[in-house]
1. Name the most mobile residue of 168, 357, 52, meaning the one with the largest mean-square fluctuation, in a Gaussian network model of the chain with Cα contacts below 10 Å.
2. Lysine pairs, Cα distance under 21 Å, 8 or more residues apart or cross-chain: how many in segment 40-267?
3. Under a cut-off of 19 Å between alpha-carbon atoms, report the aspartates and glutamates in cross-link reach of residue 360, not counting same-chain residues fewer than 8 places apart.
4. Considering only DSSP states other than H, G, I, E and B, which trypsin sites (Lys or Arg not before Pro) in segment 185-252 qualify as loop sites with at most 16 other Cβ atoms within 10 Å?
5. Over segment 40-267, what is the mean sequence separation of C-alpha contacts under 8 Å (at least six apart), divided by residue count, expressed as relative contact order in percent?
6. Only helical DSSP H runs with n ≥ 4 go in: add -39500 (n - 2.57) per run for the chain, normalise by residue count and round the 222 nm mean residue ellipticity to 500 deg cm²/dmol.
7. Determine, from the Cβ-Cβ distance of residue 261 and residue 353 and an R0 of 35 Å, the FRET efficiency 1/(1 + (r/R0)^6), rounded to the nearest 0.05.
8. If the chain between residue 52 and residue 79 were fully stretched, how many nm would it gain, using 0.36 nm times the residue separation less the Cα-Cα distance?
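Since every read-out is calculated from the coordinates, none of them should be taken as a lab result. Quick caveat, the model's predicted, so the values are computed rather than measured. Cβ placement follows ideal geometry from the backbone for every residue including glycine, while neighbour counts extend to all protein chains displayed.
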Amino acid sequence: MNMKKSLILCFLLLQFIKVESSKANVVSKEHSEPAVTLGEISSLQSNVLNKTIPLSIHLPENYDGSKKIYPVLYMLGSEYRARYAMLASTLDYMGGTQIPEMILIGVDFPEGNRVLLPTRENQDTTIPDNYINFFATELIPYVNKKYRTAPYNVLFGGSNSGFFSVYTLLNKPLLFNGYLASSPSLMHIPEVLQQKIKSGPLTALKSNRFLHIIYSDDDRDDTTESIAEFSRVIADHKPERFTYKVEKLVNQGHVPAMDLIQYLLALFPDFNPYENLDTLDQVTQHFDMLSKRYGYEIHPPFSTFFNLGADKIRSKHLVAAERIFQYALRVYPDSKEFYAGIGVVRRDQGQLENAKTMFKKALDIDPDYSAAKSLLERLDK
């Protein structure tokens, strides 16, 4: 009988994996849609910039099945589709395990990211200043209104858009919580940047802010030299609430491909929810700590609840397992897997009619949920 129960539980776990794959928008081959989609293409008419700004939007896999709010990563230059796809995939892969799940908003620059730089002739900063205004008054309010966003935003750019990430920090440090710059082109207006460090808005910083620069030892000479000089000035004038990290990789070239992983691990250094979290109380305490640190409520990810509940069923701690699944349903109210998990608990407790009720609730959410169908059929035999 114990072996039978273990096989059923394994089947349930396998169904969970299949469900997670379907949430990644994998579709049947018989359809003409792509096998995997990375979000939607949209646009925003900007009055500040007097033009239409193309946007690329990627939501977390379980966005529609939860009531959570999500931090937002704004990527500059998402018209580089391979780069955007890599960032979206990285967020999906790391989200909920090593970092919080995040919304990705890509800002396309069809004319190239040089548009974010001061003018060549007289080093006029009107254009980058206007783009800062665009983010502050149009794009961020638009995203906050349309999606369930947390009050935690990150700006990410590389090369010329990396310059803009640093420039935005020095001019409007409270606009984003984290600023990430890959091989930033800081050779543009270096004197202006240094003066901003010494006497600009950053000097009055009273909230925690984070800048992380990554480049490579074989990067462009003017890039490596300007980063070194910028870092020297930062070291002499760094505000107390400001965290600055600069990282030089080896043999990675201009705008290293592995930069985002390094950034995210540094931004969320101890998020990992699987370390020493063996009870529901430990899980909730860990995420309460993270919520206080980052300034918004961070819920445990779907998989943390499911794996912990399954472990408790395997070890026959049925009361603890039901408590986990009941708590999880408050965070993910439309998750059939947690109703099925409660059904397994009730079945193992001998409450067969209650177990059937739970399996039927799972099927009310998804009539094709094969794990719940199989479990219910076994009870009806």
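1. Checking each option, the largest mean-square fluctuation is seen for 52.
2. Within segment 40-267, the lysine pair count is 20.
3. 322, 334, 337, 348, 368, 377, 380
4. Those that pass, being in a loop and sparsely packed, are 206, 220, 241.
5. Details: 422 pairs, mean separation 38.5, N = 228.
Contact order relative to length: 17 percent.
6. -15000 deg cm²/dmol
7. Numbers: r = 49 Å, r/R0 = 1.41.
Efficiency, rounded to the nearest 0.05: 0.10.
8. This chain segment gains 8.3 nm when fully extended.
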